[in-house]
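First comes the structure, then the notes that go with it.
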Amino acid sequence: MKKILSTVAGITLISLVGMTTCSAAFDDLQRSFASFYQTGLDTANALPIENLTIQKDAMTLVLKKGILIPMQPIEGEVTGAMFVGEGTAALTPPTPMDAWFLRKNYGAGKFSESFSSLYMRFTDGTDRAFPKPAPSINQVVVASQIDAITKTFKDRQGAADGWLDSRFDMDLDFMDTRIGGIRGMDYFYSQLQTDKWGWVTFMLSYGDIFEVTLGHERSVGAFKQYLPWAEFHKKEDYQQGRYSITPASDSKEIIDVLRNDMGVSIPTTKTVEIDAKLTVSPLVDSIGSLRFDLLNQFGSEVNDWRDQRRPIKVDSVTDSSGTPLPFLHKRNELLIRLPKPILKGQQYVVEVKEREDTIVQVTAESYLLYNDYAWYPK
């Protein structure tokens, strides 16, 4: 869901698509972030299910028979569910090229698998398609499987939280769209457990250039790696005759970076201090949040953003008057909540001060600045 506009010392603005006024509360950014993967299932609303079809662009999921449990709400919104039972998944790529790519990686030009578990996270209102629990449902049958379902759900929550691939930054995507009042970039993420492939991942994300992705995971050391089988545009793009791989009309940019001013100081032979002022202006009616790429740590030997061997610490985020702004620095990204939405054409200055332990001593007299990002706008 992220498009890069410009870079300052490793800070890269992520632009989004769509807009409305700011809607959800999210008063405590840290608490809201933590709640995304800590919130559990709403077992009181578990229900047996039969022949429920969930259509997501080219993917058809059929919950043939089993138990469906929605998640407890986060900021008043249901953002996920867990199904255990019998189900089928089928996907037909929209073009011969996409079918060829799927055949090369998956072994067939169409995806078709049965699954025994389906883990879902979403912001597109998928729960509105769930049937309401009937008074006559057999609670004994439901209760007998709650523990097993909850265990599988927690396992998948951990797996989703542990993705290193930024396309699955669902917690920040959820917070950003709700705080910023952004519309038109909701998502549906799912993992289905199959006999042959284990857990298969499907995602429809309207905030990405390639909205549809299908693939599976593999372990690389202590980490999970996502291997896509197929990635392509949403169905409407092809129906409108847009077959370009990355058409200009698919741009998700909504912020124009007018100016970047940056000061850099090196107080020690270990630390770099950065003071970056970014002047931005919305390209849409309004937006209530800003989101930047900003690493939590440096070093190719470090794969997890939680690692703190070479940390990047944000000391403060303020507006042009020096008023502190609420921010969250997680998953190599910086999310900033604005005091009120900024309007189209309005210029807004945000100042970010940070410290990086990114200097490495090479010899007795020489040092290396260990930085993978540009130190100036580009």
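The values are calculated or read from the model by the stated rules, or taken from the named source; none is laboratory data. On a predicted model such as this, the values are computed, not experimentally measured, just so you know. Every residue, glycine as well, gets a Cβ built from its backbone with ideal geometry; the counts of neighbours run over all protein chains shown.
Hey, any hits in the range 270-278 for a residue that's closer than 30 Å to Y226 by Cα and exposed (fewer than 15 other Cβ atoms within 10 Å of the Cβ)?
No, every residue in the range 270-278 fails to be closer than 30 Å to Y226 by Cα and exposed (fewer than 15 other Cβ atoms within 10 Å of the Cβ).
Show the residue pairs meeting these rules: Cβ distance below 7 Å; 6+ apart or different chains; first residue within the range 40-53 and closer than 14 Å to P133 by Cβ; second residue in a loop (DSSP other than H, G, I, E, B) and of a type in the set (V, I, T).
L47/I137; P48/I137
Identify the single condition in (1) closer than 21 Å to D256 by Cα; (2) polar (S, T, N, Q); (3) modelled with pLDDT under 95 that T358 does not satisfy, given that it satisfies every other one.
If we test T358 against (1) closer than 21 Å to D256 by Cα; (2) polar (S, T, N, Q); (3) modelled with pLDDT under 95, just (1) comes out false.
Right, S316: under 20 Å from I179 (Cα atoms), modelled with pLDDT of 90 or more and polar (S, T, N, Q) or not?
yes
Would you please name the residue that is modelled with the highest pLDDT, looking only at residues in the range 134-183 that are within 25 Å of L204 (Cα to Cα) and of a type in the set (S, T, Y)?
Among residues in the range 134-183 that are within 25 Å of L204 (Cα to Cα) and of a type in the set (S, T, Y), the one modelled with the highest pLDDT is T152.
Can you name every residue in the range 78-98 that is over 17 Å from Q157 (Cβ atoms), in contact (Cβ under 8 Å) with a residue 40 or more places away in the chain and not hydroxyl-bearing (S, T, Y)?
Across the range 78-98, the qualifying residues are G87, A89, L91, P93, P94, D98.
Based on what the data block shows, is L13 modelled with pLDDT of 95 or more, of a type in the set (A, V, I, L, M, F, W, C) and either outside the structural domain of L258 (by TED's automatic domain parsing) or not in a helix (DSSP H, G or I) (or both)?
When the stated conditions are applied, L13 does not pass them.
Please verify whether R183 is assigned to a strand (DSSP E or B), closer than 30 Å to L29 by Cα, charged (D, E, K, R) and not assigned by TED's automatic domain parsing to the domain that holds H329, treating the condition exactly as stated.
Judged against the criteria, R183 is not a match.
Report whether or not T60 is without any contact (Cβ under 8 Å) to a residue 60 or more places away in the chain, among the hydroxyl-bearing types (S, T, Y) and surrounded by 15 or more Cβ atoms within 10 Å (Cβ to Cβ).
Considered against the rule, which asks whether it is without any contact (Cβ under 8 Å) to a residue 60 or more places away in the chain, among the hydroxyl-bearing types (S, T, Y) and surrounded by 15 or more Cβ atoms within 10 Å (Cβ to Cβ), T60 comes out as yes.
So which residues in the range 184-211 are more than 16 Å from D171 (Cα to Cα), buried (at least 20 other Cβ atoms within 10 Å of the Cβ) and at pLDDT below 95?
The answer is E211, and nothing else.
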